[in-house]
1. What residue among Gly80, Gly39, Gly183 has the largest mean-square fluctuation in a Gaussian network model of the chain, using Cα springs under 10 Å?
2. Order the following by accessible area, largest value first: Phe88, Phe194. Probe radius 1.4 Å; ligands, DNA and RNA are ignored.
3. Arg249 label point, 7 Å along Cα→Cβ, cut-off 15 Å on backbone N: hits in segment 275-291?
4. Give the lysines whose C-alpha is closer than 28 Å to that of Lys57, dropping any in the same chain fewer than 8 places away, or say none.
5. Tell me, what HN-Hα J-couplings in whole Hz come from the Karplus equation 6.51 cos²θ - 1.76 cosθ + 1.60 at θ = phi - 60° for each residue of segment 308-315, using x for Gly and Pro?
6. Using only the alpha carbons of segment 253-319, what is the convex hull's orientation-averaged projected area in square nanometres?
7. Please report the antiparallel percentage of the DSSP beta bridges confined to the chain, to the nearest 5.
8. With a 1.4 Å probe and all protein chains left in place, how much of the accessible area of the chain comes from carbon and sulfur atoms, in whole percent?
Amino acid sequence: MGANTLRRSLVALFAAAISFGAITQAQAASDNESVLRIGYQKYGTLVLLKSSGALEKRLAEQGVKVQWTEFPAGPQLLEGLNVGSIDFGTTGETPPVFAQAAGADLLYVAFEPPAPLSEAILLPKDSPIKTVAELKGKKVALNKGSNVHYLLVRALEEAGLSITDITPVYLPPADARAAFERGSVDAWVIWDPFQAAAEQQLQARTLRDGQGLVSNHQFYLAARPFAEKHPEVVVALVDEIRKTGEWTRANVDEATAQVAPLLGLSPEITRTAVQRQSYGAQLITPEVVSAQQKIADTFSDLKLIPKRLSIAEVIWRQPAKVAQAQ
């Protein structure tokens, strides 16, 4: 069957989650209903929410503890969700599509507004390449199934090319940067803060960012069993994410100072990433469902996933009784 074939093919893609200890770290609490297990990446509002402790304080009133697990990228995070080691996490647009195609029992819960500048196709500073069309026949590094996978597809399409016209080199961010630095790939498609770090530390040039091409929404996703059993926790979590985002937007300097040491990056790099990010988490809208469906259809047409998907079938709906209680 196609789904089984895809699941086997994604083993290599998601294997990095094992090496980062993501699968085992939360396993002891997997049957404990009083623990919310959140997966996060080295960017975004969840980093600041984790640092603030606001969520822990709020959920303590409901008798819920919070456990955090860091992942290197969205595909690995969603494999963690798929195998039951986390309940909630954030990724870009593409990872949920691949995960849904692989049979993950996930739900889209909320999203951030577009942030098209916070992902880009980067070139080495001395690269002779000046247009996306010149990537034909070149080696391009990217994390397979991540948000930048769709950016690359769209940028190539805009230039009259297909993904088959280049040689994709599928690597997680750290390995991709190493390959980019040593010149073993011609371009690197990456997101912040890795993008900002490459721009400032390596003087990498932007060939094409997402502006006018992709939305680059960030999505908050939950394991369906958890979201359906604990809707009040999900609502509280989204509310705290929204509050943290609003604070960050109004306090860029303070947010930068707070998150820079957590990321291990300079304030200058961190500030660039913080400013390019979007803020204002809200529950999924019909317009976002439509946009996400287009992404899913694109990957289906490219035969990168084995079947057509229905995004509308995996959208979390806030129960009326929970809304009334807020």
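1. Sorting by GNM fluctuation, first place goes to Gly183.
2. Phe194, Phe88
3. 275-283, by backbone N distance to the label point.
4. Lys42, Lys65, Lys229, Lys243, Lys321
5. 6, 10, 10, 5, 4, 6, 10, 9
6. With every direction weighted equally, the projected area is 7.4 nm².
7. 55 percent
8. Here carbon and sulfur together make up 51 percent of the probe-accessible area.
The values are calculated or read from the model by the stated rules, or taken from the named source; none is laboratory data. Nothing here was measured: the structure is a model prediction, and the numbers come from that model. So basically every Cβ, Gly included, is an ideal-geometry build from the backbone, and we count neighbours across all protein chains shown. Surface areas here come from the heavy atoms of the whole protein model, side chains and all, with no ligands, DNA or RNA. Shrake-Rupley method; radii C 1.70, N 1.55, O 1.52, S 1.80 Å.
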